[in-house]
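The values are calculated or read from the model by the stated rules, or taken from the named source; none is laboratory data. What you are looking at is a predicted structure, and each value in this text was computed from that prediction instead of being measured. Every residue, glycine among them, receives a Cβ derived from its backbone with ideal geometry; neighbour counts consider all protein chains shown. Heads up: the accessible areas ignore ligands, DNA and RNA and are worked out on the full protein's heavy atoms, side chains in. Shrake-Rupley method; radii C 1.70, N 1.55, O 1.52, S 1.80 Å.
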Amino acid sequence: MRQTLVAGNWKLNGSKEVTKQLIEGILGGIGNVKNAEVAVCPPYIYVPQVAELLQASQVAWGGQNMCPQESGAYTGEISVQMLQDFGCKYVIIGHSERRALYAESDQEIAEKFVAAVDAGLIPILCVGELLEQREADETENVIAQQIKAVLDMAGIEKFAHSVIAYEPVWAIGTGKTASPQQAQDVHKFIRDMLQKENAEVAQKLQILYGGSVKPDNAKELFAKEDIDGGLIGGASLTADSFLGICTAAN
Ligand code: PGA
């Protein structure tokens, strides 16, 4: 049995005050969630604040991105070691917004994946197709290519220390969710692909679904065999909806 994981991706949202209230709200209700792992990924600058507020709790935290280099002349970047310095357990890698808005390539994403795993941080590797790719029946090819780029550089063993998030780009922030069966089909495709490399790693791997997950659709999604939780954007920004999703995963 794979443990369910619900991770909040706050993106570029919040302030010191909002962070405090959101975390307090989550802590107020999370005690009832005993059978799911829960994490939040705030903007970098709020990581120390979140770390302090969550340190005595069951909730983990992570970064939304990272630099594969350890140190040096990389203005504006944050290394894996810096994230670990503040207790991060996870780091989101290759989110579709990073791919689209910051031109992150499969190659760079693979480098980040390797650097995170080597340092002992768990990457949440995001993959997903655009609407036109789905409509052109290209979904599986796109996903396979995104995963293969990482597999080629990292090797299957590193996937034992990672999480994958399937996030169809057309479902992110749009209110359009993939149907549980559409999501399940892609999750199974991913697991089958990795199964060919190493059955044990593939069976243990947590594969999250992301894209307009809400408290009222979470249960049906998480009930599918290969959906092991969610990566939550908009609905992770209020304690009630995030807790609703965590409860659905419980
Ligand atoms: P959403 O975002 O839940 O707002 O669709 C998910 C994500 O981008 O990780």
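Among the residues making up the stretch 121-166, a single one is closer than 30 Å to Val38 by Cβ, surrounded by 15 or more Cβ atoms within 10 Å (Cβ to Cβ) and without any contact (Cβ under 8 Å) to a residue 24 or more places away in the chain: Val142. When each of Ile207, Ile232 is tested for being touching a helix residue (DSSP H, G or I) at 6+ places or on another chain (Cβ under 7 Å), of a type in the set (Val, Ile, Thr) and within 13 Å of the ligand (Cβ to nearest atom), the lone residue that passes is Ile232.
Every listed requirement among (1) within 24 Å of Gly29 (Cβ to Cβ); (2) of a type outside the set (Gly, Ala, Ser); (3) open to solvent by 60 Å² or more (accessible area, probe 1.4 Å); (4) touching a helix residue (DSSP H, G or I) at 6+ places or on another chain (Cβ under 6 Å) is met by Trp61 save one, (3).
Being over 25 Å from Ala115 (Cβ atoms) and either open to solvent by less than 60 Å² (accessible area, probe 1.4 Å) or more than 18 Å from the chain's Cα centre (by Cα) (or both) narrows it down to one of Glu37, Glu77, Glu24, so name that one. Within the list Glu37, Glu77, Glu24, the selection yields Glu24. Of the residues that make up the stretch 186-203, is at least one open to solvent by less than 20 Å² (accessible area, probe 1.4 Å), within 14 Å of the ligand (Cβ to nearest atom), not in a loop (DSSP other than H, G, I, E, B) and not small (Gly, Ala, Ser)? Looking for residues that are open to solvent by less than 20 Å² (accessible area, probe 1.4 Å), within 14 Å of the ligand (Cβ to nearest atom), not in a loop (DSSP other than H, G, I, E, B) and not small (Gly, Ala, Ser), one finds none in the stretch 186-203, hence no.
Restricting Gln49, Gln64, Gln55 to residues that are over 19 Å from the mean Cα position of the chain (by Cα), touching a residue at least 24 places away in the same chain (Cβ under 8 Å) and under 28 Å from Tyr102 (Cα atoms) narrows the list to Gln49.
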